[in-house]
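The values are calculated or read from the model by the stated rules, or taken from the named source; none is laboratory data. In this text, all values refer to a predicted model and were calculated from it rather than measured experimentally. Here the Cβ positions follow ideal geometry from the backbone for every residue, glycine too, while neighbour counts run over all protein chains shown.
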């Protein structure tokens, strides 16, 4: 039974002085290497397609939740559905970034800005609140990216919705990366954190669970004393 093979060829001339006597033809069978390259290309394309489809499906879910929220006459139901839409949209944003890469990582400096912009846009507030992002997140793998996006969205949304009920302000997010260790500080100049709500709210419970579990880290909540506002520090351990 005949089989095809992929080979590379190289001709090495045989010379005597300036006279060409012949050549040595070197061949190498690279069939296995080409087969593996093709498998990797197929795998990468499949992974990107999966992330693309997940993103599209999540966007559909988000649109359905938004439609249902608009049809509800109950304010509590609308608020709960709006929060659910925001969380789904956050995950969809990460999958959109993953669909553009072949190594299952994302540049979180870019993704983080998109996620935080969405958090402010979807937050329930009548005040003008801005988000400033400084520092460096770096490359983050898929699982850590979704966890980080969720944590940042919850923290910024919490600041925007509960810290600025009477006036606008600025929420500042600063990231510091050293190897697999990441420290993120989210600070605002709002009304300051309420101890009871910080421990019992769904958003803060989600943050604490994700930080301790998926990010293998810790979180610190601090109410400013010299000036109004809250500071939250997240310490995460990321795989390199």
message: Please go through (1) on the phi < 0 side of the Ramachandran plot; (2) under 17 Å from the mean Cα position of the chain (by Cα); (3) at pLDDT 80 or above for residue 171 and return the number of the only condition it doesn't satisfy.
response: (2)
field: Among (1) in contact with a helix residue (DSSP H, G or I) (Cβ under 7 Å, 6 or more places away or on another chain); (2) modelled with pLDDT under 85; (3) under 30 Å from residue 157 (Cα atoms) - the single one residue 83 does not satisfy
entry: (1)
message: Checking the condition within 14 Å of residue 121 (Cβ to Cβ), surrounded by fewer than 19 Cβ atoms within 10 Å (Cβ to Cβ) and either at pLDDT 85 or above or more than 17 Å from the chain's Cα centre (by Cα) (or both), which residue from 70, 66, 78 passes?
response: 66
task: Collect the residues in region 206-221 that are farther than 19 Å from residue 145 by Cα and either free of Cβ contacts under 8 Å to residues at least 24 places away in the same chain or buried (at least 19 other Cβ atoms within 10 Å of the Cβ) (or both), keeping them in residue-number order.
output: 220
Condition check for residue 189: in contact with a helix residue (DSSP H, G or I) (Cβ under 9 Å, 6 or more places away or on another chain) and either modelled with pLDDT of 85 or more or surrounded by fewer than 20 Cβ atoms within 10 Å (Cβ to Cβ) (or both): yes
field: Of all residues in region 98-132 being in a strand (DSSP E or B), out of contact with any helix residue (DSSP H, G or I) (no Cβ under 6 Å at 6 or more places or on another chain) and surrounded by 15 or more Cβ atoms within 10 Å (Cβ to Cβ), the one that is modelled with the lowest pLDDT
entry: 105
message: Among the residues in region 222-240, are any under 26 Å from residue 69 (Cβ atoms), in contact (Cβ under 8 Å) with a residue 24 or more places away in the chain and not in a strand (DSSP E or B)?
response: no
- request: Search region 24-52 for residues being surrounded by 12 or more Cβ atoms within 10 Å (Cβ to Cβ) and either touching a strand residue (DSSP E or B) at 6+ places or on another chain (Cβ under 6 Å) or under 30 Å from residue 91 (Cβ atoms) (or both), and hand back the single one that is modelled with the highest pLDDT.
  value: 30
message: Can you find, within region 133-150, the residue that is modelled with the lowest pLDDT among those that are surrounded by fewer than 16 Cβ atoms within 10 Å (Cβ to Cβ) and closer than 24 Å to residue 204 by Cβ?
response: 143
